[in-house]
Structures are given as structure tokens and as C-alpha cells.
Amino acid sequence: MQVEVDTLTIELSTVPFDNRPVFITGNFCKWLPDLEEYRMTIVSPGNYRFQFPEDAELPDPIEYKYTRGGWNQVELDRAGRPYGNRFIKAGETLVKDNVIRWQSDISTKKDLSPLVETVSEAFEITQFSRTRRVRVLLPHDYYENPDQRYPVLYMTDGQNLFGEGSEYGNWEIDKSLAKLAKDHKAGVIIVAIDHGEEDRVQELSPYDNAKLGKGYGAKFMQFIAGPLKKHIDEKYRTKSDRLNTGIGGSSVGGLLSAYAALMFPQTFSKFLVFSPALWISEKIYFDAVHFFEPFETRIYLYAGGKEGAHMIPNVTKLQETLETQSFGYSRVKIKSSVDARGEHAEKQWSQEFPKAFEWLFY
């Protein structure tokens, strides 16, 4: 049955962070999913409108649904399944709909790079009265999946991790995550915390050193595990439990991550420890003797052969101490990686990062 309508307007609200166009399709256009004449007009971010021509002859009832340009980009329900067909009876002139999720066309999406957001240019560290820039790298499809929650990896030396990097180099973790996303192995939120420039070593070192002075690493860890984690969990869709929370870093940041494994097991279960500056204090080994964590824990240790004569022996000693203390607890996994030609540099850690990331989270 064909009916004429004076004016039928459809208004749609949906997630505002998806830039793909929206099409309406149905029994009035042979269910073709991407006809330009049925492309909805964007009114404002997340709000669309479509008006049928006044003289249009439409089926009764009208049966329809929404796409982002194809049947591989169709609207989904809250559980992530294709949404059922919608209906409009004759006589209606204004219909308001809402779409909460969309299917993501991974095969045609060109850019799988993580989304970078600045949490704060000056996040206050009350533990020692300083501020620090904090940024997050969100999975590329974070805003396309509003019901999904993600594990979190906190990382130190944020200036050196992605984008332009710094004068010291660049881990290029954004490029690594884009490659991992092709295999659906990049679904983790990374929190990048800038270091304190000339105060970096003191801030990240959990131990005092005769030459370097007092270490504030314990307080820095209190900041990460306390107010920063609380803020991230409130602002983003995280899996906030310890099993889904990790921390990582290199050099003094690697030492801090090893320290976190010993002193903050109630908050973190995954530890990325690259080229740790274990030379700063022998106390790390005494603390490791008291390591006792029968819960699920993963520690990834990396050392390079060109990082000084003591790097590999020190990391080996730390690994052996941790394994001795956790002997009999199969839920504690410690993986070591040694590159005989590895140098103490961001380029080296860039190559190691995707291996460690995949082992820790996948």
C-alpha cells in the first residue's frame, strides 16, 4: 500500500565523535544503504535530520534503519548486535530516534592511530607540590563503542613516547598501537605522564642516592596510584581493578615500575620494566626479597647488552630474586628479554614496546 504524506521529518541523535555520514535506508529505497539522496543532514555534532519530499509515495508502514554508509557500518543495540528494523505508521509527521552504537568498518578505516587527549596541562602533584602535563592515548574506536571499558597502562616520560617525541628520542608507541589495532590488540588506554625535566631522576627514583640526592619515587607512585588513577577512572571508561591496570617505563622509570611491583601490588598487576636503573640503590634487591604476591601478576623485564657492563647482570639478579620469592605461585609470570646489541635509547625501547605490550595485555 502506497500513501502520500504532507511532510515526514526524522531527527536522529547519536554519539558526536563519529565523523562518518549517516544514511537512512528502508523499504522505500530497496534497502540500499548509502544512497546520497537519503543521506541525513547534520544539524550539530551528534544530531541529524532528514525530511522526505512532500510528494513522496511511501509504504505503510515505513520500515527502516540507519547506516554509516554500508551494511558493515550499521546501527547496533546496547549489546553490540544489529538493531532491529524500525517502523513508522501513516500519519506521523515527526519521528525522533537515538542510536547508541555503530558497527565500525575496520576494513576500510584508514587511520587506526590512537586518539590523543590532554587530561591536564598542569595536573597537580600534591605529594611534592608540583604540576605535570598528563595525556591519554585512547583506542582509535573508543567513541564508537560507548559501552566498552578498557584496561589502563600508566607510563612515565610522556614527552618521549609518541607524536613528535623529544630531544631524547621517541618510542613511537602511537605507531605501534596503530599496527596492533589491525589485529585487534590495541584496546588499552595509555596514560602518559610527563617527566620533570631536570628533576626527572629525583622524581622517579624511589631510593635515595649519595650522588643524586633524595628520591621522590615513592611519592610519585602515591600520586599515580591515588589522585591520578582516581581522575582517569572517573573521566574515562576504564577497567579499574588491579588485573586491568599496569605501569611501565624505562631507565629510572623502569626502576619505578619495578618498585611499583613490590610496593603497589594492590593497584597494579602488569609491569613493563625496560632497562631499569638498578644501580641507583641496592635496596631494590632487599625489597624484592620481601616480594610476595600470590595474585595474578605479569612482569616484563628488558635489558640491552650495550647499556653498560652491569645492566644485564643486574636485571638477571632482579629476575632471579623475584622468581625465588614467587616460587610455587603459577599466577606470577615474569618474562625477560635481552638484546645483546641493545642500547640505552628510545629507539631500542620503541622496538621492544609492542612485544611487551602484547605479552602483558594479550
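The values are calculated or read from the model by the stated rules, or taken from the named source; none is laboratory data. As the structure is a prediction and not an experimental result, all values here were calculated from the model. A quick note on method: Cβ atoms are made from the backbone with ideal geometry, for glycine too, and the neighbour counts reach across all protein chains shown.
Any idea how many residues of the range 318-362 are modelled with pLDDT of 95 or more, of a type in the set (D, E, K, R) and either outside any strand (DSSP E or B) or not assigned by TED's automatic domain parsing to the domain that holds Thr245 (or both)?
Total satisfying the criteria: 3.
Quick check: is even one residue across the range 60-73 assigned to a loop (DSSP other than H, G, I, E, B), touching a residue at least 40 places away in the same chain (Cβ under 8 Å) and at positive phi?
Yes - at least one qualifying residue is present in the range 60-73.
Go through the range 263-293 and give me each residue that's among the aliphatic types (A, V, I, L, M) and surrounded by 20 or more Cβ atoms within 10 Å (Cβ to Cβ).
Leu272, Val273, Ala277, Leu278, Ile280, Ile284, Ala288
For the range 280-313, which positions are over 17 Å from Thr324 (Cβ atoms), out of contact with any helix residue (DSSP H, G or I) (no Cβ under 7 Å at 6 or more places or on another chain) and in a helix (DSSP H, G or I)?
If the condition is that a residue be over 17 Å from Thr324 (Cβ atoms), out of contact with any helix residue (DSSP H, G or I) (no Cβ under 7 Å at 6 or more places or on another chain) and in a helix (DSSP H, G or I), then Lys283, Met311, Ile312 are the ones that fit.
For residues in the range 74-102 being among the basic types (Lys, Arg) and part of a loop (DSSP other than H, G, I, E, B), which is modelled with the highest pLDDT?
Here the answer is Lys89.
Starting from the range 31-56, keep only residues that are closer than 11 Å to Ile10 by Cβ and in the same structural domain as Phe17 (by TED's automatic domain parsing), then list their pairs with residues that are exposed (fewer than 12 other Cβ atoms within 10 Å of the Cβ) and at pLDDT below 95 whose Cβ atoms are within a distance under 7 Å, requiring at least 6 positions of separation or different chains.
Once the first residue is closer than 11 Å to Ile10 by Cβ and in the same structural domain as Phe17 (by TED's automatic domain parsing) and sits in the range 31-56, its partners that are exposed (fewer than 12 other Cβ atoms within 10 Å of the Cβ) and at pLDDT below 95 give Gln51/Thr7.
Looking at this structure, is Leu153 outside the structural domain of Glu75 (by TED's automatic domain parsing), in contact with a helix residue (DSSP H, G or I) (Cβ under 7 Å, 6 or more places away or on another chain) and part of a strand (DSSP E or B)?
When the stated conditions are applied, Leu153 does not pass them.
Within the group Ala258, Ala277, Ala309, which residue is without any contact (Cβ under 8 Å) to a residue 24 or more places away in the chain, among the small types (Gly, Ala, Ser) and assigned by TED's automatic domain parsing to the domain that holds Glu203?
Selected residue: Ala309, the only one of Ala258, Ala277, Ala309 that is without any contact (Cβ under 8 Å) to a residue 24 or more places away in the chain, among the small types (Gly, Ala, Ser) and assigned by TED's automatic domain parsing to the domain that holds Glu203.
Quick one: which residue in Ser176, Ser250, Ser240 is over 13 Å from the mean Cα position of the chain (by Cα), of a type in the set (Ser, Thr, Tyr) and at pLDDT 95 or above?
Ser250
Can you tell me which residue in the range 66-125 is surrounded by the fewest Cβ atoms within 10 Å (Cβ to Cβ), limited to those that are of a type in the set (S, T, N, Q) and under 30 Å from His195 (Cα atoms)?
Thr118
For the range 128-152: of the residues being farther than 30 Å from Gln103 by Cα and modelled with pLDDT of 90 or more, which is surrounded by the most Cβ atoms within 10 Å (Cβ to Cβ)?
So, considering only residues that are farther than 30 Å from Gln103 by Cα and modelled with pLDDT of 90 or more, the one surrounded by the most Cβ atoms within 10 Å (Cβ to Cβ) is Val134.
Mind checking which residues of the range 168-225 are touching a residue at least 24 places away in the same chain (Cβ under 8 Å), small (Gly, Ala, Ser) and under 25 Å from Met263 (Cβ atoms)?
Ala192, Gly196, Ser205, Gly215, Gly217, Ala218, Ala225, listed by residue number.
List the number of the failed condition for Tyr300; all other conditions in (1) modelled with pLDDT of 95 or more; (2) within 23 Å of the chain's Cα centre (by Cα); (3) under 30 Å from Thr131 (Cβ atoms) hold.
For Tyr300, the exception is condition (3).
I need the strands (runs of 3 or more DSSP E) fully contained in the range 164-277, keeping only those with at least 2 residues that are touching a strand residue (DSSP E or B) at 6+ places or on another chain (Cβ under 6 Å) and of a type in the set (Ser, Thr, Tyr).
245-250
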